[in-house]
1. How much length is gained on full extension from residue 24 to residue 60, taking 0.36 nm per residue of separation minus their Cα-Cα distance?
2. Tell me which trypsin sites (Lys or Arg not before Pro) from the stretch 3-50 have a DSSP coil assignment and no more than 15 other beta carbons within 10 Å of their own.
3. Can you tell me, using C-alpha contacts under 8 Å and at least 6 residues apart, the relative contact order of the chain as a whole percent?
4. Provide the solvent-accessible area of residue 12, counting protein heavy atoms only and rolling a 1.4 Å probe, rounded to the nearest 10 Å².
5. State, to one decimal in nm, how far the label point of residue 72 lies from the label point of residue 40, with both points 7 Å from Cα in the Cβ direction.
6. If you count, for each residue, the other Cβ atoms within 10 Å and average over each peptide, how do 35-42, 57-64 line up from highest to lowest?
7. Using a 1.4 angstrom probe on the protein heavy atoms only, could you order 48, 71, 22 from most to least accessible area?
8. Which whole-Hz ³J(HN,Hα) couplings does the stretch 63-73 yield from phi under the Karplus relation 6.51 cos²θ - 1.76 cosθ + 1.60, θ = phi - 60°, glycine and proline marked x?
Amino acid sequence: SSDLVSFFRDEEHIVFNGIKSTDEVALYKMNGGRIPVHLNFSEDNKVTLSFSGIPSGIYIVKVNGKTTKITKQ
């Protein structure tokens, strides 16, 4: 179930656990603008979203309708 999706951040990535290719992941600016995301799926079921090239600021990560606010320094 989508309730099992969790994630953590390092400096340049968000790393998701328990996500499937059918799950919906979106990244939004605080003004509501959507940022295209490119998820990288690895063989150990880790999914990463690169933060490189995204300006510093506050963003909303939305996974299957569940939102979390994150800050990029």
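The values are calculated or read from the model by the stated rules, or taken from the named source; none is laboratory data. Fair warning: this is a prediction, and the values are worked out from it, not measured in the lab. Cβ sites come from the backbone with ideal geometry, for glycine too, and all protein chains shown count toward neighbours. Please note that ligands, DNA and RNA were not included when accessible areas were found on the heavy atoms of the full protein model with its side chains. Shrake-Rupley method; radii C 1.70, N 1.55, O 1.52, S 1.80 Å.
1. On the way: separation 36, 0.36 × 36 = 12.96 nm, distance 1.35 nm.
Gain in length upon complete extension: 11.6 nm.
2. Numbers: sites: 9, 20, 29, 34, 46; in loops: 20.
Of the trypsin sites (Lys or Arg not before Pro), the ones in loops of the stretch 3-50 whose Cβ has at most 15 other Cβ atoms within 10 Å are 20.
3. Numbers: 126 pairs, mean separation 21.5, N = 73.
Answer for the chain is 30 percent.
4. Number for this one is 70 Å².
5. Once both label points are built, they end up 1.4 nm from each other.
6. Values: 35-42: 11.0, 57-64: 15.9.
For the peptides 35-42, 57-64, the packing ranking is 57-64, 35-42.
7. Numbers: 48 35, 71 60, 22 115 Å².
Final ranking, largest accessible area leading: 22, 71, 48.
8. 10, 6, x, 9, 10, 9, 8, 10, 10, 9, 6
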